[in-house]
Amino acid sequence: MGEAIFSKSYAGDALSSWEIAHELSTSVDSDALVVRDSIRYDWHLLRLYDQAFLYRKVRMRCVVRFLPTTTTSFYIHHYGGLDIAEIASDGTIVNRGVSTDLSANALADGSFEIDATFLSRHGSLSIGCSKNGRGVYPGTGLEQFALLSVLVETFDAYGELSRTPADERITLVDVGGQGGLQLKWMLRAEEITPVVFEPLASEAMAIRQTLNRIPGAQVVEKALANTSGPQKLFVTAGSFCSSLREPNFEILQHYPVGRVFEVVGTQQVECVRYDELFRAGVVPTPDAIKIDVQGFEYEVLLGFGHLLECCLAIELETHVVPIYRGQKLLGDIVDVLGDFGFALRQLTQVNHFDGDAVEFDALFTKRRDRAAALSSPAKRKFEVIGQALGVPPYR
């Protein structure tokens, strides 16, 4: 695997770095971390966070001693629906999950050394208990195992993240990338080529530190719009509400969430049309687009121009009430995307406004007739995108 990029051993007091994430309790006994599950029906996990794990090949070597009261297996969970390994109390490998190398060896003192290697698509590691092949189960509240040590090493994962041929990868354009990729796309890191737009330098730098581990990934330090040139960004108390449109306090004043829309400053940001960058050879044709630009979605879409003809799916946040001054609303977006062969497939209310129907996550894909006419490679991409977005296939 080459030389480790990151290597750290957790033993003794350092085991406290593993935080309780779901329905466990822990105690320290002779330099071991003793783990109990709970009686609740839930996950039962400890978790460790570090961006060093994200988009890397990770090797975990855990030394575990099962206890007389154990009723579960030792469980290494990834995130979402991905398991890494499950080892029964007699050392039997119950589930290999997404691990590429996995072993469980008995040691002279009765403990087991469990060694697992896998491609990590998340900035956390999770260990805990599972039962009969299930990560979610009702527990007993009894002591399950003692964790004696964990060694974590990370390695470059370029080979694993490149295993999907370039022409089969999904080009994901993420507009307003503060915080990085959505979980559903992180878990498909080996299948995508992300192009993220983030105009704020500090945010762009933070995204770039991990995203550049994915082959072909780009972070473009500009805002997308329908015209190129500098525009005023309204910086709000909650940075995730900052927008190229001014918050509309005639409406926002009626909601407690309105306080996070308070404008605390403005700054100039450089805007550009996506199709101009495409013609200059800077960015590729988009397969899927995610937009979160706080009331400026319509203008961003216009900036893609006729490239929307090639795009297969678009996910965006939109509104039916103008919480930003002069913004276009959901109906306007449905109309413009309809001209490019898109249908609104899902609409999910975002409950930020005291139960009022104000803000929605909207998901569009090509209409049935357009999807049926796609080439075979495009149909394969359309299927993968639908799986990632949770959209039922056309029948």
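A few comments on the model shown:
- Residues in region 86-100 include none that are farther than 19 Å from Thr26 by Cβ, surrounded by fewer than 18 Cβ atoms within 10 Å (Cβ to Cβ) and in contact with a helix residue (DSSP H, G or I) (Cβ under 7 Å, 6 or more places away or on another chain).
- If you go through region 19-38 and keep only what is among the aliphatic types (A, V, I, L, M) and in contact (Cβ under 8 Å) with a residue 60 or more places away in the chain, you end up with Ala21, Leu24, Ala32, Leu33, Val34, Val35.
- Within region 122-154, if we keep just the residues that are of a type in the set (Gly, Ala, Ser) and farther than 27 Å from Asp50 by Cβ, the residue that is surrounded by the most Cβ atoms within 10 Å (Cβ to Cβ) turns out to be Gly139.
- Of residues in region 121-152 being assigned to a strand (DSSP E or B) and among the small types (Gly, Ala, Ser), the one farthest from Lys8 (Cα to Cα): Ser130
- Residues satisfying the stated conditions in region 274-326, i.e. surrounded by fewer than 20 Cβ atoms within 10 Å (Cβ to Cβ), outside any helix (DSSP H, G or I) and of a type in the set (Gly, Ala, Ser): Ala280, Gly281, Gly326
- Of all residues in region 83-120 being assigned to a loop (DSSP other than H, G, I, E, B) and under 20 Å from Glu153 (Cα atoms), the one that is nearest to the chain's Cα centre (by Cα): Val98
- Test set (1) touching a residue at least 60 places away in the same chain (Cβ under 8 Å); (2) not in a strand (DSSP E or B) - Ser16 fails condition number: (1)
- Among the residues of region 153-164, those identified as touching a residue at least 12 places away in the same chain (Cβ under 8 Å) and not in a loop (DSSP other than H, G, I, E, B) are Glu153, Thr154, Phe155, Tyr158, Glu160, Leu161.
- Residue match in region 275-292 (condition: among the polar types (S, T, N, Q) and at pLDDT 95 or above): yes
- Conditions (1) over 23 Å from Thr210 (Cα atoms); (2) in contact (Cβ under 8 Å) with a residue 40 or more places away in the chain; (3) surrounded by 18 or more Cβ atoms within 10 Å (Cβ to Cβ); number of the one not met by Tyr41: (3)
- Within region 198-218, the set of residues being under 16 Å from the mean Cα position of the chain (by Cα) and not in a helix (DSSP H, G or I) comprises Asn212, Arg213, Ile214, Ala217.
- Just so you know, in region 155-200 the residues that are of a type in the set (Ser, Thr, Tyr) and in contact with a strand residue (DSSP E or B) (Cβ under 8 Å, 6 or more places away or on another chain) include one that is surrounded by the fewest Cβ atoms within 10 Å (Cβ to Cβ), and it is Thr193.
- Extreme residue, surrounded by the fewest Cβ atoms within 10 Å (Cβ to Cβ), among residues of region 360-395 that are in the same structural domain as Leu172 (by TED's automatic domain parsing) and hydroxyl-bearing (Ser, Thr, Tyr): Ser376
- For region 191-237, a tally of residues being closer than 16 Å to Gly176 by Cβ and of a type in the set (Lys, Arg) returns 2.
- Taken together, the residues in region 312-352 that are among the hydroxyl-bearing types (Ser, Thr, Tyr) and closer than 20 Å to Val260 by Cβ amount to 2.
- Residue match in region 33-41 (condition: closer than 22 Å to Arg121 by Cβ, in a strand (DSSP E or B) and not assigned by TED's automatic domain parsing to the domain that holds Ala217): no
- Scanning region 236-245 for residues that are touching a strand residue (DSSP E or B) at 6+ places or on another chain (Cβ under 8 Å) and surrounded by fewer than 17 Cβ atoms within 10 Å (Cβ to Cβ) turns up just one, Ala237.
- Given (1) charged (D, E, K, R); (2) within 23 Å of the chain's Cα centre (by Cα); (3) not in a strand (DSSP E or B), number of the condition Arg47 does not satisfy: (3)
- Being surrounded by 16 or more Cβ atoms within 10 Å (Cβ to Cβ), at pLDDT 95 or above and not basic (Lys, Arg) is a description that does not apply to Ala357.
- Residues that are more than 30 Å from Ala372 (Cβ to Cβ), assigned to a helix (DSSP H, G or I) and either in contact with a Pro (Cβ under 7 Å, 6 or more places away or on another chain) or without any contact (Cβ under 8 Å) to a residue 24 or more places away in the chain (or both) do occur in region 261-273.
The values are calculated or read from the model by the stated rules, or taken from the named source; none is laboratory data. This is a predicted model, so every value here is computed, not measured. Glycine gets a Cβ as well: all are built from the backbone with ideal geometry, and neighbour counts include every protein chain shown.
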